[in-house]
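Enquirer: A single structure is presented below for examination.
The values are calculated or read from the model by the stated rules, or taken from the named source; none is laboratory data. Source: prediction; values computed, not measured. Neighbour counts run over all protein chains shown; Cβ positions are idealised from the backbone, glycine included. Ligands, DNA and RNA are excluded from the accessible area calculation, which covers all protein heavy atoms including side chains. Shrake-Rupley method; radii C 1.70, N 1.55, O 1.52, S 1.80 Å.
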Amino acid sequence: MKIALMDSGIGLLAAAAAVRRLRPDAELVLSSDPGNMPWGRHTPEDVTALALAVAEAAALHGPDALIVACNTASVHALPTLRAHLEPGIPVIGTVPAIKPAAAGGGPVAIWATPATTGSPYQRGLIREFADGVTVTEVPCPGLADAIEHADEAAIDAAIAAAAVGTPDDVRAVVLGCTHYELVAERIRAAVQRPGLAPLVLHGSAGAVAAQALRRIGGGPALEAPADSSLTVLLGGRAGALPATALTYDEGRLLQAVSPAR
């Protein structure tokens, strides 16, 4: 079994680690585009072109499925990626976990990039899945970039600013950018209010990993031998996990189980 994941940067680590936990025997291909990261600053047309190049680089390695581990690429490029790669390679997009968050009754906050916050795409998900639930959209300028570069001071500042914009009574936070899952516990600590029930964080990594396995007719095999490979592509060329990736638990897990080749 071989699963490819793509993103502009290291936001794909959370989903890759989720796949690794479910299937330690799955070969992984991580395809990213650090030279053009973040994709959110580009036009939708450019995002589609950049995402397609990253996806095609991954496709050359013959994966059984491709996870688009990026909210921006999923919003703008998913139809194009599917048109180019399916049915040969199933393509799984990443959707903010608004539906399960709203199922808890709210109030809910959605942390996302400024480009996604207030977008027709996100507003559509809120209308579809959170009707009748109090939802606050919280833009997080600079957070994804700070996480990408493992800039601790910038991460703390961006999280603190977003926490100020999050209502005190929020009981669930949707992590609307794949990068944010890498600092989930720091977000929880910033938003949790004393004396209130534990805050629930909703990411997408576990769901997309499980969906990828379903699409290829597989399932979890937690006890499978961890003897698989890890291929890293940076701008289409073979590389290694960036040093910043190894500052996060997910990156260290991937490197420990499957040293990059």
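Enquirer: Restricting to DSSP H runs of at least four residues, report the calculated mean residue ellipticity at 222 nm for the chain, -39500 (n - 2.57) per run over all residues, nearest 500 deg cm²/dmol.
Expert: So the helix-based figure for the chain works out to -12000 deg cm²/dmol.
Enquirer: Something else now. Please compute the modelled spin-label separation between ASP131 and ALA240, points set 7 Å along Cα→Cβ, answer in nm with one decimal.
Expert: With each label point 7 Å from Cα toward Cβ, the separation is 5.4 nm.
Enquirer: Also: Contact order normalised by length for region 1-54, with contacts defined as Cα pairs under 8 Å and 6 or more residues apart; what percent is it?
Expert: Relative contact order of region 1-54: 44 percent.
Enquirer: Taking the Cβ-Cβ separation of ALA53 and ASP227 as r and a Förster radius of 30 Å, what is the calculated FRET efficiency to the nearest 0.05?
Expert: Approximately 0.45, to the nearest 0.05.
Enquirer: Let me ask another. For the chain, set up a GNM with springs between Cα atoms under 10 Å and report which of PRO242, PRO194, PRO107 has the largest fluctuation.
Expert: PRO194
Enquirer: Leaving ligands and nucleic acids out of the surface, order LYS2, LYS99 by accessible area at 1.4 Å, largest first.
Expert: LYS99, LYS2
Enquirer: When the C-alpha atoms of region 15-83 are aligned to their principal axes, what extent does each axis show, in angstrom, from largest down?
Expert: If we take the Cα atoms of region 15-83, the spans are 38, 21, 21 Å.
Enquirer: Let me ask another. Considering only DSSP beta bridges whose two residues both sit in the chain, what percent are antiparallel, to the nearest 5?
Expert: The antiparallel fraction comes to roughly 10 percent.
Enquirer: Follow-up. Determine which residues of region 1-17 fall in the zone a paramagnetic label at ASP25 would reach in this model, i.e. backbone nitrogen under 13 Å from the point 7 Å along Cα→Cβ.
Expert: The answer is 1-2, whose backbone nitrogens lie closer than 13 Å to the label point.
Enquirer: Also, I was wondering about something else. Name the GluC sites (Glu not before Pro) in region 173-239 that are in a loop by DSSP and that have at most 10 other C-beta atoms within 10 Å, would you?
Expert: GLU223
Enquirer: Ordering LEU234, LEU182 from largest to smallest accessible area (1.4 angstrom probe), what's the sequence?
Expert: Listed by decreasing accessible area, they come as LEU234, LEU182.
Enquirer: If you place +1 on the Cβ of every Lys and Arg and -1 on the Cβ of every Asp and Glu, how big does the dipole about the Cα centre of the chain come out, in debye to the nearest 20?
Expert: I would put it at about 420 debye.
Enquirer: On alpha-carbon atoms, Rg over Rh for the chain using Kirkwood Rh?
Expert: Here Rg/Rh amounts to 0.95.
Enquirer: By how many nm would the segment from TYR121 to ASP249 grow when fully extended, if each residue of separation counts as 0.36 nm and the alpha-carbon distance is taken off?
Expert: Contour length minus the Cα-Cα distance gives 43.0 nm.
Enquirer: Would you rank MET1, MET37 by solvent-accessible area, highest first, keeping every protein chain in place and using a 1.4 Å probe?
Expert: Accessible-area ranking of MET1, MET37, largest first: MET1, MET37.
Enquirer: If you don't mind, another one. Can you tally the net charge around VAL54? Count Lys and Arg as +1, Asp and Glu as -1, for every other residue whose Cβ sits under 10 Å from the Cβ of VAL54.
Expert: So the surrounding residues net to -3.
Enquirer: Share of antiparallel DSSP beta bridges in region 111-261, in percent to the nearest 5?
Expert: So the antiparallel bridges in region 111-261 amount to around 30 percent.
Enquirer: If you don't mind, another one. In degrees between 0 and 90, to the nearest 10, how far off the longest principal axis of the chain does helix 13-22 point, with axes built from Cα atoms?
Expert: For helix 13-22, the angle is close to 70 degrees.
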